[in-house]
Amino acid sequence: MISFSDRLLDRLSQCGRVAVLTGAGASAESGIPTFRDPQGLWARFNPAELASPQGFKSNPVRVQSWYTARRKAVLEADPNPGHRALARLQDFVHPTIVITQNVDGLHHRAGSDDVIEVHGNLHRTCCVSCRQETEPFDVSPNDAEPARCGCGGLLRPDVVWFGEPLQADALQAAAAAAMGADVFLVVGTGAEVYPAAGFPLIASEAGAYVVEVNVRATAISDSADEVLRGPAGVILPALVDAVGRLRTAVAKSASGVDNP
Ligand code: BV8
Ligand code: ZN
């Protein structure tokens, strides 16, 4: 049985607004590889070649085939209990805003209503020339030619690569969610990629209670108000169950049901 501090449970049972920053670790229990873990994507691939405009320009087939494979892997995967717990949390705390660095769309599939995809979504495809959104490409590493739009422009995933700016509206919405949160959960991220890695500090400086959920220490562990060490797919369901029990009990006593 996982136990949580009274401080955390008091805040979550009475707070009005929760924001959550998720990273690749939130999808790890869905079988989606993370980036910087020992067996992560960056241990096998070079981010400069695969997640940068320069890498795309120099070898579009390599990048298009990598995203084709990632998109197919995500379609085979399911939201895990951690995703589903965050979707349930919004039933008790509204709004629960999920700021995700992940591009897999699993928070939406789990039922979260308020998701800000600060690094885009690999299920969306667009043309670099006319900017039209198109059907996803299906490219193999050995294809001779990259996938192109009807206008002749190259097709790319609608994600934010290194060196590219985040969408201004997503950035503003995420910063506003961090500033307005009573409790800010940081789930499954190494907190190394900016500007997203700056949201926990923004939340903390605005008065939020910052809680990290991760299997290991990260760049923000020391500055978090509380660290819940363990897998998101185990910790989050237990936390949301505890919050649900408390909020139900508070609601009952407020309505006088327990002492007629
Ligand atoms: C930009 C593409 C400016 C989509 C990605 C300071 C300020 C601003 C920018 C910079 C800055 N310093 C440096 C920069 C540049 C750069 C950057 O931050 N570099 C880093 C490496 C130092 N930032 C940028 O380039 C950004 N752009 O700032 O533009 C600009 C402005 C105007 C005009 C022009 C330019 C763009 C950043 C976005 C890059 N795109 N992905 C895709 O294909 O996925 S980044 C990539 O990293 C993913 O999005 C990923 O989500 C993200 C962060 O990684 P994590 O999610 O944290 O994953 P990681 O593997 O690292 O960690 C996993 C964690 O989970 C671990 O802690 C592990 O312990 C834990 N875990 C594992 N299993 C579990 C678990 N936890 C819980 N449960 C488990 N079961
Ligand atoms: Zn086009």
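Worth pointing out:
- Residues of the range 90-125 that are buried (at least 19 other Cβ atoms within 10 Å of the Cβ) and of a type in the set (D, E, K, R): Asp104, Glu117.
- Some residue of the range 56-77 being small (Gly, Ala, Ser), surrounded by 16 or more Cβ atoms within 10 Å (Cβ to Cβ) and more than 29 Å from Gly244 (Cβ to Cβ): yes
- The sole residue among Val210, Val193 that is open to solvent by less than 60 Å² (accessible area, probe 1.4 Å), in a strand (DSSP E or B), of a type outside the set (Phe, Trp, Tyr) and away from ligand 2 (no atom under 16 Å from the Cβ) is Val210.
- Among residues of the range 29-43 that are more than 7 Å from ligand 1 (Cβ to nearest atom), those with a Cβ under 8 angstrom from a residue that is open to solvent by less than 60 Å² (accessible area, probe 1.4 Å) and β-branched (Val, Ile, Thr), sequence gap 6+ or separate chain, pair up as Ile32/Val74; Leu41/Thr34.
- In this structure, Gly188 does satisfy being within 16 Å of ligand 1 (Cβ to nearest atom), open to solvent by less than 60 Å² (accessible area, probe 1.4 Å) and at positive phi.
The values are calculated or read from the model by the stated rules, or taken from the named source; none is laboratory data. Just so you know, these numbers come straight off a predicted model, no measurement behind them. Methodologically, a virtual Cβ is constructed for each residue, glycine included, from the backbone with ideal geometry; neighbour enumeration extends over all protein chains shown. The protein model used for the area step is the full one, side chains on, heavy atoms only, and it has no ligands, DNA or RNA in it. Shrake-Rupley method; radii C 1.70, N 1.55, O 1.52, S 1.80 Å.
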